[in-house]
1. Pairs, please: C-beta under 8 Å, at least 6 apart or cross-chain, first residue touching a residue at least 60 places away in the same chain (Cβ under 8 Å) and at negative phi and in segment 150-168, second hydroxyl-bearing (Ser, Thr, Tyr) and in a loop (DSSP other than H, G, I, E, B)?
2. Under 9 Å by Cβ, and 6 or more places apart or on different chains, what pairs join a residue from segment 38-58 that is open to solvent by less than 100 Å² (accessible area, probe 1.4 Å) with one that is among the hydrophobic types (A, V, I, L, M, F, W, C) and assigned to a loop (DSSP other than H, G, I, E, B)?
3. Considering segment 134-154 alone, what residues qualify as being open to solvent by 90 Å² or more (accessible area, probe 1.4 Å) and either hydrophobic (A, V, I, L, M, F, W, C) or under 10 Å from Val119 (Cα atoms) (or both)?
4. Restricting to segment 97-139, count the residues that are of a type in the set (Lys, Arg) and part of a loop (DSSP other than H, G, I, E, B).
Amino acid sequence: DPRPPTATDAALVAPLLQRWLADLAGLAPHSPIATAAPGFSPADRLGGLRAARVMLEDCDYFRLTMTLGLGHGDRRSDVTFLWPDPHPPHHHEATTQSPRWAEDWRSTVAEAPVCLTAVLHRQRLPLSRVVAFAPGLVLPLPGVTVHSLRLTGEDGRVHAQARLGQSGGMRAIRIEPPPRPVLAEDAAAPRLPPEG
């Protein structure tokens, strides 16, 4: 079944990829990849296309896509290489940004996908209790209310506080404003005697 690649997948494919990259220049000796391939080596995998866009340099790229047959040919996969053009064409464009650049950038960022997780409660349980879970089991959540919901990002940071509820017969959450800061008087701070 389709699944995202894992660190184990990357470790398994690294030796094959390293050897293939070493031989790549010889496979296409008269192409631009012949000069770039010797500098290729496997590194850390990226979290996705968005991470690649952030890390890649803003310049012209060569693109090479190969279709690989694995095993008896019934398993196929595409491999795409991108590498900077060492001799980019000279552009005689104005260096000033387009008036619509900021607006286009904001609209592009606004359309970027965001994955949020609604977390009501976290607790650690021994494996013996987890394997004993059965339909109808009630887990106590001490101190949890409908206001205990937090929206977290992929990095685990809390981005919003929310309230658990329902809408149209379905579970729903309502994002709430952050709580007001409360300044507590430090009782341990020394007090000055009144003047006079």
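1. Close Cβ pairs (under 8 Å, with a partner that is hydroxyl-bearing (Ser, Thr, Tyr) and in a loop (DSSP other than H, G, I, E, B)) do not exist here.
2. Pairs found: Ala52/Leu46.
3. Leu137, Val138, listed by residue number.
4. Going through segment 97-139, the residues of a type in the set (Lys, Arg) turn out to be 100, 106, 122, 124, 129.
Still in the running and part of a loop (DSSP other than H, G, I, E, B): 100, 122, 124.
Of the residues in that region, 3 qualify.
The values are calculated or read from the model by the stated rules, or taken from the named source; none is laboratory data. As the structure is a computational prediction, the values presented were derived from the model and not from experiment. Virtual Cβ from ideal backbone geometry, glycine too; neighbours counted across all protein chains shown. What goes into the accessible areas is simple: the full protein's heavy atoms, side chains included, and nothing from ligands, DNA or RNA. Shrake-Rupley method; radii C 1.70, N 1.55, O 1.52, S 1.80 Å.
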